[in-house]
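The values are calculated or read from the model by the stated rules, or taken from the named source; none is laboratory data. Since the model is a prediction, treat every value here as computed from it, not as a measurement. Here the Cβ is made from the backbone with ideal geometry for all residues, glycine too, and neighbour counts use every protein chain on show. Note: accessible area is taken over every heavy atom of the protein model, side chains too, but ligands, DNA and RNA are not part of it. Shrake-Rupley method; radii C 1.70, N 1.55, O 1.52, S 1.80 Å.
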Amino acid sequence: MPLKAVILIGGPQKGTRFRPLSFEVPKPLFPVAGVPMVQHHIEACAKVPGMKEILLMGFYQPHEALSRFLVSAQQEFKIPIRYLQEYAALGTGGGIYHFRDQILSGGAEAFFVLNADVCSEFPLQEMLEFWQQHGDMHSFVILGTTANRTQALNYGCIVANADTQEVQHYVEKPSTFVSEIINCGIYLFTPAIFQHIGEVFQRNQQELALEESSNGWQRAEVIRLEQDVFTALAGSGKLYVYKTDGFWSQIKSAGSAIYASRLYLNQYSKSHPERLAQNKPGGPVIRGNVYIHPTASIDNTAVLGPNVSIGEGVTVGAGVRVRESIVLHGASLHDHTCVLNTIVGWDSTIGRWARVEGTPSDPNPNDPYAKIDSETLFRDGRLTPSITILGCSVTIPAEVVILNSIVLPHKELSRSYKNQIIL
């Protein structure tokens, strides 16, 4: 059956929690486990039999990096991939409604919608089979997973019939406990969804017409799938939830990129063993899962891992220790540096014997259903300890300690810092 996929990539006003990293590259192209974040989505979509086209949708201006990425992804996955630019932020439902003709062209009978800022095993084939067993051309599937009771409040919560998995109640970010099944931001729709989004659009238009005095910036086209569409569809027999036990996490902040990287690197042992570095005689010591770009130059006395990804053209000197970190292209770690729980920005340099360390923001390892907390930057007037981030082209001198800090791009530091944002 002909299928399509839509990946919602947002735009420049979004991804603010991802600064300073989103200054250099649109957040969906940020490398997680060695490849751009959305490449994981594209790869999963391309594997589904019958997939005819993948559409990226967002409100980034046409962007050289984005165009280059699309060209190379089309060649690699042998499938048409296009970028559709919204003229403004239209919300998760407004964008697909605006481009409904593009989605339906070519006779797609169903289409997936995926949010770009999640990392997942993407059980798309399973969702499709589940829909074929439970649903019909007028029903839709949400991918759900289990969270713990307190964290569920930060997500869309789904109450479903235990036998049929039909969604009876949907609440986005409730104020009290509703359900521990949460929305993963991955959906399977049929063309019938546009009728439901269209009803919201008409309702919005009528409401705006009644409020003539409104200042004109509100648009009827801004439609949120979660609050406007799912809440209304719940209990109508048209919405189902497919629960996955596979890994899933949001990638909202830079700290969650390191956690997402760990989840994907774990998956590589099954899906892409060739991407994981091996211990070889005369090579660096590899502990656990490590991705090393083929162009990186790494001294054989360095110790890397677990959960490390090393980007293009990176140099790692003698005796360097890197753990739970992402080192982006062109960075240079001089001899005997120690880098823990850190994202090292593009073309940054860390001097000899320096120590750069952050505090991991991982979910509670003792709770199988724990999710990552989207930390606020400040708590009680203080910077929350989190991973350390060096923006692009940052220079750290020899023999200093940088702890739980965020360094904005193009800074040359001269001393040690802890718990600071260095502007």
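Quick check: residue separation of Tyr87 and Gln133 times 0.36 nm, minus the Cα distance between them. What number comes out in nm?
12.7 nm
Would you mind getting the Kirkwood hydrodynamic radius of the range 205-330 from its Cα pairs, rounded to one decimal in Å?
Working: mean 1/r = 0.0536 Å⁻¹.
Kirkwood radius, the range 205-330: 18.7 Å.
So which residue, out of Pro28, Pro281, Pro49, gets the largest mean-square fluctuation from a GNM of the chain using Cα contacts under 10 Å as springs?
Pro281
For the range 44-118 and the range 165-238, compute the distance between their C-alpha centroids and round to whole Å.
The range 44-118 and the range 165-238 have Cα centres separated by 21 Å.
Using the Cα atoms of the chain, I'd like the radius of gyration and the largest Cα-Cα distance, Dmax, both in angstrom.
Gyration radius and largest Cα-Cα distance of the chain: 22.5, 75 Å.
How charged is the neighbourhood of Val327? Take every other residue with its Cβ under 12 Å from the Cβ of Val327, and add Lys/Arg as +1 and Asp/Glu as -1.
On the way: positive: Arg323; negative: Glu312, Glu324, Asp347.
Taking every Cβ under 12 Å from that of Val327, the sum is -2.
Quick one: ranking Leu153, Leu210 by accessible area, 1.4 Å probe, largest first, what do you get?
Details: Leu153 50, Leu210 150 Å².
The ranking, largest first, comes out as Leu210, Leu153.
Which whole-number value in Å² is the accessible area per residue of the chain, probe 1.4 Å? Spell out each step's value before the answer.
Details: 18450 Å² over 423 residues.
Solvent-accessible surface per residue comes out at 44 Å².
Specify the residue with the greatest mean-square fluctuation among Val401, Val290, Val322, computed from a Gaussian network of the chain linking alpha-carbon atoms under 10 Å apart.
Maximum among the listed residues: Val401.
Take the Cβ-Cβ distance between Asp380 and Phe23 as r, set R0 to 30 Å, and report the resulting FRET efficiency rounded to the nearest 0.05.
Once the sixth-power term is evaluated, E becomes 0.60.
In the range 198-273, what GluC sites (Glu not before Pro) fall in a loop by DSSP, with at most 14 other Cβ atoms inside 10 Å?
Details: sites: Glu199, Glu207, Glu211, Glu212, Glu221, Glu226; in loops: Glu211, Glu212, Glu221.
Listed in order of number, the matching sites are Glu211, Glu212.
Going by accessible area, probe 1.4 Å, with all protein chains left in place, what is the ranking of Leu21, Leu276, Leu423, largest first?
Working: Leu21 0, Leu276 20, Leu423 140 Å².
Solvent-accessible surface, decreasing: Leu423, Leu276, Leu21.
Just from its helices, what would the mean residue ellipticity at 222 nm be for the chain, if runs of 4 or more DSSP H residues each count -39500 (n - 2.57) and the sum is divided by every residue, rounded to the nearest 500 deg cm²/dmol? Write down the numbers at each step before the final one.
Details: 7 runs with 85 residues, N = 423.
Computed ellipticity for the chain at 222 nm equals -6500 deg cm²/dmol.
State the percentage of accessible surface on the chain attributable to carbon and sulfur atoms; use a 1.4 Å probe and exclude ligands, DNA and RNA. Before the final figure, lay out each step's value.
Numbers: 8990 of 18450 Å².
About 49 percent, which is the carbon plus sulfur part of the accessible surface.
From the Cα gyration tensor of the range 3-250, with a ≥ b ≥ c the square roots of its eigenvalues, which class applies: rounded if a/c is under 1.5, or else prolate if a/b is larger than b/c, or else oblate? Intermediate results must be reported in sequence, preceding the final value.
Working: a/c = 1.32, a/b = 1.11, b/c = 1.19.
Cα axes put the range 3-250 in the rounded bin.
Label Leu153 and Arg352 with points 7 Å out from Cα along Cα→Cβ: what is the distance between them in nm?
Calculated label separation equals 5.3 nm.
Once label points are set 7 Å from the Cα along Cα→Cβ at both Glu172 and Ala318, what is their separation, rounded to one decimal in nm?
5.8
Suppose every Lys and Arg Cβ carries +1 and every Asp and Glu Cβ carries -1, with no other charges. What dipole size does the chain come out with about its Cα centre, to the nearest 20 debye?
Working: 34 positive and 39 negative charges, 213 e Å.
Charge dipole, the chain, about its Cα centre: 1020 debye, nearest 20.
State the extension gain, in nm to one decimal, for the chain segment bounded by Gln206 and Ala65, taking 0.36 nm per residue of separation less the distance between their alpha-carbons. Please list the in-between numbers first.
Values: separation 141, 0.36 × 141 = 50.76 nm, distance 4.04 nm.
Between Gln206 and Ala65, full extension yields 46.7 nm more.
Place a point 7 Å from Cα of Thr301 in the direction of its Cβ. Which residues in the range 348-368 have their backbone N less than 13 Å from it?
Within reach of a label on Thr301, which here means backbone N under 13 Å from a point 7 Å along Cα→Cβ, the range 348-368 contributes 353.
Please build a GNM for the chain, connecting alpha carbons under 10 Å apart, and tell me which residue among Val241, Val35, Val308 fluctuates the most.
Comparing Val241, Val35, Val308 in a Gaussian network model of the chain, the most mobile one is Val35.
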